[in-house]
Structure formats: C-alpha cells, structure tokens
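Here the structure is laid out as structure tokens; the discussion comes afterwards.
The values are calculated or read from the model by the stated rules, or taken from the named source; none is laboratory data. Note that the structure is predicted; figures quoted are calculated from it, not measured. FYI the Cβ positions are ideal-geometry reconstructions off the backbone, even for glycines, and counts take in every protein chain you see.
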Amino acid sequence: MPSTHEFFTRQHEQLTRLEASIVQTQKEMEAARSRAQANLKASRDEAVATREAFQKKMAAAVGRMQAGLAARKQETDAKIAEWKQKRQVERLEARAEAAEEYADAAMAVVELAQQEARAAALEAIEARREANEAKAAVAAAS
C-alpha cells in the first residue's frame with residue numbers, strides 16, 4: 001500500500017510533467033508567430049491528432065473521476081467515525097487509496113485539458129493568420 005510520501009511524489013512528478021508541457025506549449029506559441037503558414041498548418045494538424053488520441057484517455061480519466069466521486073458521495077462521515085472507533089484500519093486504508101486514485105484521475109484530466117488548450121491555441125493562430133491574409137488581399141484589391 002502506498003505511503004503518503006509515495007502519493008505526494010507521484011503527484012509532484014505529474015505536476016512536473018504538466019509544467020514541462022505548458023512550457024513547451026509557450027515556446028511553440030512564440031515560434032508560431034513567425035512560422036510559415038504551411039508549417040503552422042502541419043503543427044496544428046499534429047496537435048489535432050494528439051488531441052484526438054488524448055480524448056480517448058480523457059474519457060477514461062473522466063470515468064474514473066466520476067466513479068471516484070460517486071463512491072465518495074456514498075460514504076458518510078458517520079461511517080468513517082464508526083471505522084475509526086472500531087479501529088478498522090483496512091477500511092480507512094481503502095478509503096485513502098480511493099482518494100488517491102481520484103486525485104490521479106483528476107490530474108490526468110488537467111493534463112489532457114492542457115493538450116486541448118494547446119491544439120486550440122494553434123488553431124486560433126492559424127485562423128487569425130488566414131483572416132489577416134484575406135483582409136490584406138481585399139485591401140490590396142481595392
């Protein structure tokens with residue numbers, strides 16, 4: 001059974017990976033400002049493919065998160081107090097593990113949402129470029 005330290009270490013590792021992904025996305029957004037339209041489209045297509053792959057993972061993570069939430073709602077404070085009174089450590093341990101699994105699932109959702117935001121930002125940059133090019137073409141034709 002994992003200790004509190006192991007749980008915190010696992011959460012810290014997930015946050016570190018998420019932070020690295022966000023930093024990479026920031027770098028990509030800066031680079032996208034000067035990238036050629038074709039390169040930007042290729043990057044966006046890659047981001048869309050990544051997003052679609054992660055959507056499958058997200059569905060599973062959301063399912064785990066909802067299952068954990070439903071399980072936690074069913075538990076009552078009175079039952080927990082009873083377990084403590086009866087010193088039923090195994091039940092308290094199972095509750096702790098369920099809470100850790102829920103936290104892991106929630107972290108996965110955060111990570112997947114960040115990937116979605118990355119894809120959406122690249123798509124927005126491409127759309128803005130296309131709009132600006134069309135506006136410039138209209139102005140030049142006038």
Quiz item: Looking at the stretch 1-42, which of the residues that are within 22 Å of ALA127 (Cβ to Cβ) and acidic (Asp, Glu) is modelled with the lowest pLDDT?
Solution: GLU30
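If the requirement is being part of a helix (DSSP H, G or I), surrounded by 13 or more Cβ atoms within 10 Å (Cβ to Cβ), touching a residue at least 12 places away in the same chain (Cβ under 8 Å) and small (Gly, Ala, Ser), which of these qualifies: ALA71, ALA67, ALA120, ALA96?
Values: ALA67 fails: touching a residue at least 12 places away in the same chain (Cβ under 8 Å); ALA120 fails: touching a residue at least 12 places away in the same chain (Cβ under 8 Å); ALA96 fails: touching a residue at least 12 places away in the same chain (Cβ under 8 Å).
It is ALA71.
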Quiz item: Considering the stretch 76-97 alone, what residues qualify as being under 27 Å from the mean Cα position of the chain (by Cα) and modelled with pLDDT under 85?
Solution: ARG95
Practice problem: Test VAL62 against the criterion of being surrounded by 13 or more Cβ atoms within 10 Å (Cβ to Cβ) and out of contact with any Leu (no Cβ under 7 Å at 6 or more places or on another chain), and give yes or no. | Solution: yes
Exercise. Given the conditions (1) farther than 30 Å from ARG128 by Cβ; (2) touching a residue at least 12 places away in the same chain (Cβ under 8 Å); (3) among the hydrophobic types (A, V, I, L, M, F, W, C), report the number of the one that PHE54 does not fulfil.
Key: (1)
Quiz item: Mind checking which pairs have a first residue in the stretch 39-51 that is surrounded by fewer than 19 Cβ atoms within 10 Å (Cβ to Cβ) and a second that is at pLDDT below 75, Cβ under 6 Å, 6 or more apart or different chains?
Solution: none
